[in-house]
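Participant: After the structure tokens below, expect a handful of questions from me.
The values are calculated or read from the model by the stated rules, or taken from the named source; none is laboratory data. Remember, it's a predicted structure, so these values are computed and weren't measured experimentally. All Cβ positions, glycine included, derive from the backbone under ideal geometry; neighbour counts span all protein chains shown. Remember, those area values only see protein heavy atoms, side chains included, never the ligands or the DNA or RNA. Shrake-Rupley method; radii C 1.70, N 1.55, O 1.52, S 1.80 Å.
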Amino acid sequence: MKSTFRLVCSDGVSFLTKEERSAIAVEAVKWAEKLQLKNDVMILNDSRGLKIVVRWHKREIWVMTEEEARKGGLPSPSDN
């Protein structure tokens, strides 16, 4: 990870440890770099039922549950 990102976690992911949240952030940035993110936002789906949103230009990573994301209006894999 070449730069610092601000990590924002919803109440629904409070079960994750600090180390797990940090690992999610590192992995999300690696994916964004690997895919050479051209848009400002990339949305990842985690096997634990988490939605990870990378806001590249704002240097933010948002982590929430699928349910919280759905209630907030974020797209799901079934929207593809």
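Participant: Could you list, in sequence order, all residues of the stretch 56-70 that are of a type outside the set (Lys, Arg), open to solvent by 20 Å² or more (accessible area, probe 1.4 Å) and closer than 17 Å to GLU27 by Cβ?
Facilitator: Those that are of a type outside the set (Lys, Arg), open to solvent by 20 Å² or more (accessible area, probe 1.4 Å) and closer than 17 Å to GLU27 by Cβ: TRP56, GLU60, TRP62, MET64.
Participant: Go through the stretch 16-33 and report how many residues are hydrophobic (A, V, I, L, M, F, W, C) and open to solvent by 70 Å² or more (accessible area, probe 1.4 Å).
Facilitator: Count: 1.
Participant: Which of the following residues is closer than 20 Å to ALA69 by Cα, surrounded by 15 or more Cβ atoms within 10 Å (Cβ to Cβ) and under 10 Å from the mean Cα position of the chain (by Cα): VAL53, VAL13?
Facilitator: None of the other options fit; the residue is VAL53.
Participant: Inspect the stretch 23-35 for any residue being assigned to a loop (DSSP other than H, G, I, E, B) and over 8 Å from the mean Cα position of the chain (by Cα) and give the result as yes or no.
Facilitator: Checking the stretch 23-35: at least one residue is assigned to a loop (DSSP other than H, G, I, E, B) and over 8 Å from the mean Cα position of the chain (by Cα).
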